[in-house]
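Remarks on the structure that follows.
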Amino acid sequence: HDKYEKLLEIKRRLKVRAETIINSFEGIEYKGAYKRFVEKKKLEEIAEELHYSVDGIKKISSRITKALDGH
């Protein structure tokens with residue numbers, strides 16, 4: 001039981017950290033990160049919704065991933 005509480009606490013901390021990082025983005029990076037990581041959308045869906053090319057969203061996604069890896 002204690003094991004699950006510790007795991008839940010770790011997940012809560014990770015969620016807060018992820019939200020903080022996503023909220024540090026601006027403009028298209030924020031929108032892309034939110035749609036990808038919170039809404040769990042595919043790159044093609046994000047591109048269509050944001051009126052960008054799939055290649056453009058891939059580049060943005062790559063920048064987001066690099067930023068997340070750096071935190």
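Just one of the listed residues (Ile21, Ile46) is touching a residue at least 40 places away in the same chain (Cβ under 8 Å), under 18 Å from Arg63 (Cβ atoms) and hydrophobic (A, V, I, L, M, F, W, C), and it is Ile21. For the stretch 46-64, indicate whether the set of residues that are within 10 Å of the chain's Cα centre (by Cα), open to solvent by 80 Å² or more (accessible area, probe 1.4 Å) and of a type outside the set (A, V, I, L, M, F, W, C) is non-empty. Within the stretch 46-64, none of the residues are within 10 Å of the chain's Cα centre (by Cα), open to solvent by 80 Å² or more (accessible area, probe 1.4 Å) and of a type outside the set (A, V, I, L, M, F, W, C). Being surrounded by fewer than 10 Cβ atoms within 10 Å (Cβ to Cβ) and either part of a helix (DSSP H, G or I) or among the charged types (D, E, K, R) (or both) holds for only one residue in Lys3, Lys41, and it is Lys3. Here Arg36 fulfils each of the conditions (1) out of contact with any Ser or Thr (no Cβ under 7 Å at 6 or more places or on another chain); (2) modelled with pLDDT under 95 apart from (1). Scanning the stretch 6-28 for residues that are assigned to a loop (DSSP other than H, G, I, E, B) and exposed (fewer than 11 other Cβ atoms within 10 Å of the Cβ) returns a single hit, Glu26.
The values are calculated or read from the model by the stated rules, or taken from the named source; none is laboratory data. None of the values given here were measured: they were computed from a predicted structure. Here the Cβ is made from the backbone with ideal geometry for all residues, glycine too, and neighbour counts use every protein chain on show. These accessible areas exclude ligands, DNA and RNA; they are computed on the full protein's heavy atoms, side chains included. Shrake-Rupley method; radii C 1.70, N 1.55, O 1.52, S 1.80 Å.
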